[in-house]
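**Q** Quick one: structure below, then a few questions.
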Amino acid sequence: MKNAQCKKCLRKFNEKDIYTIQQFQYRKKPPYDWTREFFKTLEIGEWDSFCENCIMEYSKISTEAWRND
């Protein structure tokens, strides 16, 4: 049953396929503290749900922003 919804694209998906920005704590760069602050400026919290496509897009956006910071 598709009962989760992506905050960005609003697409419904299965709860087991939820992605959050907490996934980014496992990447080496940028640091997770920087990542949390970056997403806070976009009004995205650690527990907001995203589909795989949107979380990958946010991964690219945040990495680019960190490189240009």
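**Q** So what's the chain giving for Rg/Rh, alpha carbon basis, Kirkwood Rh from the mean inverse pair distance?
**A** Ratio of gyration radius to Kirkwood radius: 0.98.
**Q** Can you count the Lys pairs in the chain with C-alpha separation below 21 Å, eight or more apart or on different chains?
**A** The result is 13.
**Q** While we're on this one: Which whole-number percent gives the relative contact order of the chain, counting Cα pairs below 8 Å spaced six or more residues apart?
**A** 37
**Q** Right, here's the next one. Calculated from DSSP H runs of 4 or more alone, at -39500 (n - 2.57) each and per residue, what is the 222 nm mean residue ellipticity of the chain, nearest 500?
**A** Result for the chain, helices only: -12500 deg cm²/dmol.
**Q** Same structure, new question: Expressed as an acute angle from 0 to 90° and rounded to the nearest 10, what is the orientation of the C-alpha long axis of helix 32-41 relative to the principal long axis of the chain?
**A** 70
**Q** Residues in segment 53-69 near a label at Trp34, defined as backbone nitrogen under 18 Å from the 7 Å Cα→Cβ point?
**A** Inside the label zone: 58-69.
Quick note: the coordinates plus some simple rules give every number you see, no bench work behind them. None of the values given here were measured: they were computed from a predicted structure. Every residue, glycine among them, receives a Cβ derived from its backbone with ideal geometry; neighbour counts consider all protein chains shown.
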